[in-house]
Amino acid sequence: MKMLATIAWRNVWRSRGRSLVVIGSIVVGIWALIFMLGFMNGFMISYINGAIKHEISHIQIHEANFKKDPNIGFVIPGGMDLAEFLTSNPRIQAVSPRSLTSGMISSPRKSSGGRIYGVIPDRERSVTHHDSLITEGSYFKSDLKNPVIIGKELANTLKVRLNSKVVLTFQDRENNLVAGAFRVAGLLETTSPQINKASAYILMEDLTRIAGLKEGVHEIALLLENPESETVVLPDLRSAHPDLLIESWREIAPELELFLSMTDSFLWVLIGIIMIALIFGIINTMLMAVLERYRELGMLMAIGMNKWRIFMMIVIETIFLSLVGGPIGILLGLMTMYWLGMQGIDLSAYSEGLREYGYSSILYPYIENSSYVYVAAGVIITALLGALYPAYKAVQLNPTEALHTV
Amino acid sequence: METVTDKKIVIETRDIAKVYHDSKIAVQALRDVDLEISEGEFTAIVGPSGSGKTTLLNIIGGLDNPTAGTIKVAGRDISKLKDSERIDFRLHNIGFVFQQYNLIPVLTARENVEFIMLLQKIPVHEMKARSLHLLEEVGLKEKANVRPSELSGGQQQRVAVVRALASRPKFILADEPTANLDSASAANLLDMMARMNQEEGMTFIFSTHDQRVIDKARRVVTLEDGIIKSDEVRS
């Protein structure tokens, strides 16, 4: 085996230029693979984190009927006390109780339907971090009476600016239409089209007052210290409050789960394409190497080298090619990921389009350490697969014919 | 036709025929070839191009199968061996020397010689001693660590002969071994092989139309159109 490895290794450098082209394609293939994995992961994380951090949080609690029938009357019994109690749970980072209804948001010039959230600003800020996403005005800091925060796009639709008056109309507890006049205190720009285009945030006390509710918590949003602890917190809450609807972000927004699996499938297709390109590159090169050495292989067979050893010689040669290219590609990928992980990829040129789909304009590629191992293993397997056909061709040769090849 | 020596017969062909099918035309390369070669012979198979010399050598060497007839080498009918058995048989019984030298270009002269012994699983210390001794015998000890591309044609062919000898085969088959060599190199190589034949008792069979080889041979088998026309044993 040592001699086979020696021959294979020296054969790699026999056609230096050709071997360097294959090694180069392996390096680029691995780098592209790592970059794609990092980029797509970054995309997914950006999208899902954006949705969790600014919109849906990790866990939401509702009255059992509220999701099916979002009647303003379906409040969580003892909602404020429950929210208060949950703040003491060490696994929960922040809790925000909300009042929630649907209605019309109207300016003197236009109207638009949307969700109206009644929030406690300090609590809401700690869960959704909306205060950091205010582009104009402030997050419930002004002295305005009846302040409302609306999405920037909604403001454009309604043709309102800061301090403009808008009227919110919704049903009260008795299903009567009620309305309240509010002043735009801040404009919000998030990665969520839903929030940007069709949401209004007012103080909880204002919403409950206008709706005539004594107790007005329809939704409690929880942000966890560690997303992994969802598997502990969720069952605990469900067993402690069987009468309430308690859902994780995956249940609240199944489209995120769908997006995850779609991105995953897309990623596999891309990986497949890169691997197939790599396989064909390797097959092409190794086949050339075999055909070029036809007479030599014939001689080896003539003097008594068995087919298995010839097969292995070609396979080992291919493995050597990938062992040279593999680490370089992985190192380049690692360095690229490290650099981009720190700097981010500025996609602000496409920010309008990206925001439409809920992405932020700076993307931070991310790749798990285990992925490097998978990539390395994938490349070696690819190289092995690529070696099979040329090695098969090599052992199929007829030594008599091969020896007379010019 | 004269009879051959009374030594132990190592190669025996009976009614060997070989037909090649080139496109739709059948080419009869060998017809009813009966040949016995004994241990220690220095035999040249001669004849014009296309007479069947190389075909006969390939059949004797187990590289090709006859279309009809039997071929016994070292007492075994090699035409009945499986591919893998035949490769193994060649490894342990036959040494090959080719017209184009056919050394492994990425190995040094010494590694080329040792390669066949590695395939035979000969212990490393014995392998190294044997390769150096043989290279010294042919005056190439100083070139032991250079690759074939740095050797002259004659030197490469001497390495090829040493490689064939290193495996301690029962006989050596040499297909036009001097065809690419100048006169001095050819003479040198032939002297070396004749010496090996006389000193070691190694059996040599050449296919050639090189008069220098024919002059050195102690037996000359002439083929024409696939038929043995004459078989001359020289004293």
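One table, with the values for the structure above:
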{"read-out": "Structure-based [θ]222 nm, the protein assembly as shown - -39500 (n - 2.57) summed over DSSP H runs of at least 4, per residue, nearest 500", "value": "-15500 deg cm²/dmol"}
{"read-out": "Chain A - charge dipole about Cα centre, Lys and Arg +1 at Cβ, Asp and Glu -1, debye rounded to 20", "value": "1520"}
{"read-out": "Residue mean of other protein chain beta carbons inside 10 Å, B:109-122", "value": "2"}
{"read-out": "Distance between modelled label sites at A:Val167 and B:Glu200, nm, 7 Å Cα→Cβ extension", "value": "11.3"}
{"read-out": "Computed E for B:Glu142/A:Lys2 - FRET, C-beta separation, R0 30 angstrom, nearest 0.05", "value": "0.75"}
{"read-out": "Total accessible surface hidden between B and A, rounded to 100 Å², 1.4 Å probe", "value": "2200"}
{"read-out": "Spin-label model distance (nm) - A:Leu332 vs B:Asp32, 7 Å beyond Cα toward Cβ", "value": "7.0"}
{"read-out": "Nearest-20 debye value, chain B charge dipole, Cβ charges on Lys, Arg, Asp, Glu", "value": "540"}
{"read-out": "Estimated vicinal HN-Hα couplings, Hz - segment A:240-247 in sequence order (Karplus 6.51, -1.76, 1.60; Gly, Pro = x)", "value": "6, 9, x, 7, 9, 8, 10, 10"}
{"read-out": "Cβ crowding within 10 Å averaged over residues, with A:26-37, A:228-239 ranked highest first", "value": "A:26-37, A:228-239"}
{"read-out": "Area projected by the alpha carbon convex hull of segment A:1-45, averaged over all directions, nm²", "value": "4.2"}
{"read-out": "Dipole of the protein assembly as shown, positive direction: furthest Cα of A:Ile149, A:Leu20, B:Phe98, with charges on the beta-carbon", "value": "B:Phe98"}
{"read-out": "Rounded tilt (10° steps) of A:294-303 against the dominant C-alpha axis of chain A", "value": "60"}
{"read-out": "Shielding by partners - mean other protein chain Cβ count within 10 Å, residues of B:55-62", "value": "2"}
{"read-out": "Within segment A:123-152: backbone nitrogen closer than 20 Å to the A:Asn49 label point (7 Å, Cα to C-beta)", "value": "A:125-134"}
{"read-out": "In sequence order, calculated HN-Hα J values of segment B:8-20 (Karplus, 6.51, -1.76, 1.60; Hz; x Gly/Pro)", "value": "4, 7, 9, 10, 9, 10, 10, 6, 5, 10, 9, 10, 9"}
{"read-out": "Label-reachable residues, segment B:49-70, where backbone N falls under 20 Å from a point 7 Å from B:Asp22's Cα toward its Cβ", "value": "B:49-59, B:64-68"}
{"read-out": "Cα gyration tensor shape of segment A:7-126, rounded if a/c is under 1.5, else prolate or oblate by comparing a/b with b/c", "value": "prolate"}
{"read-out": "Choice from A:Asp69, A:Asp122, A:Asp172 showing the highest fluctuation, given a GNM over chain A with Cα pairs closer than 10 Å", "value": "A:Asp69"}
{"read-out": "Cα long-axis angle, helix A:307-343 against chain A (0 to 90 degrees, to the nearest 10)", "value": "30"}
{"read-out": "Residue among A:Gln194, A:Gln60, A:Gln396 with the largest mean-square fluctuation in a Gaussian network model of chain A, springs linking Cα atoms under 10 Å", "value": "A:Gln396"}
{"read-out": "Shielding by other protein chains, B:100-106, mean Cβ within 10 Å", "value": "6"}
{"read-out": "Amide N proximity, segment A:16-42 versus A:Leu270 label position 7 Å along Cα-to-Cβ, cut-off under 12 Å", "value": "A:32-42"}
{"read-out": "Overall form of segment B:92-182 per C-alpha gyration tensor (a/c, 1.5; a/b vs b/c)", "value": "oblate"}
{"read-out": "Spin-label model distance (nm) - A:Glu205 vs A:Met288, 7 Å beyond Cα toward Cβ", "value": "7.9"}
{"read-out": "Minimum 20 Å² accessible area buried by the other protein chains, segment A:250-296 residues, probe 1.4 Å, relative to alone", "value": "A:Arg295, A:Glu296"}
{"read-out": "Lysines whose Cα lies under 19 Å from that of A:Lys141, excluding same-chain neighbours fewer than 8 positions away", "value": "A:Lys152, A:Lys165"}
{"read-out": "Anisotropy class of the protein assembly as shown from Cα gyration tensor, a/c 1.5 cut", "value": "prolate"}
{"read-out": "Rg/Rg_ref, chain B, where Rg_ref = 2.2 N^0.38 Å and atoms are Cα", "value": "1.00"}
{"read-out": "Aspartates and glutamates with Cα under 18 Å of B:Lys72, excluding same-chain neighbours fewer than 8 positions away", "value": "B:Asp6, B:Glu12, B:Asp15, B:Asp32, B:Asp34, B:Glu36, B:Glu39, B:Glu41, B:Asp64, B:Asp83, B:Glu85, B:Asp88"}
{"read-out": "GNM flexibility winner over chain A from A:Arg183, A:Arg18, A:Arg109 (Cα, springs under 10 Å)", "value": "A:Arg109"}
{"read-out": "Degrees separating the helix A:2-12 axis from the principal Cα axis of chain A, which is the longest one", "value": "70"}
{"read-out": "Above-threshold pairs, the threshold being 23 Å between Cα atoms, out of B:Lys82/B:Lys121; B:Lys53/B:Lys229; A:Lys53/A:Lys214", "value": "A:Lys53/A:Lys214"}
{"read-out": "Descending semi-axes in whole angstrom, ellipsoid equivalent of segment A:65-242, from the Cα gyration tensor", "value": "28, 19, 13"}
{"read-out": "Dipole of segment B:89-216, positive end: most advanced residue of B:Thr108, B:Val161, B:Val124 [Cβ charges, Cα centre]", "value": "B:Val124"}
{"read-out": "Potential extension, B:Asp88-B:Arg212 segment - 0.36 nm per residue separation minus Cα distance", "value": "41.3 nm"}
{"read-out": "Efficiency of FRET between B:Asp15 and B:Val233 - r from beta-carbon atoms, R0 25 angstrom, step 0.05", "value": "0.70"}
{"read-out": "Share, in percent, of DSSP beta bridges within the protein assembly as shown that are antiparallel, nearest 5", "value": "70"}
{"read-out": "Förster radius 22 Å - calculated FRET efficiency between A:Asp236 and A:Lys68 (Cβ-Cβ, nearest 0.05)", "value": "0.35"}
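The values are calculated or read from the model by the stated rules, or taken from the named source; none is laboratory data. As the structure is a prediction and not an experimental result, all values here were calculated from the model. Here the Cβ is made from the backbone with ideal geometry for all residues, glycine too, and neighbour counts use every protein chain on show. For the accessible areas, the whole protein counts, side chains as well, though only heavy atoms, and no ligand, DNA or RNA atoms are used. Shrake-Rupley method; radii C 1.70, N 1.55, O 1.52, S 1.80 Å.
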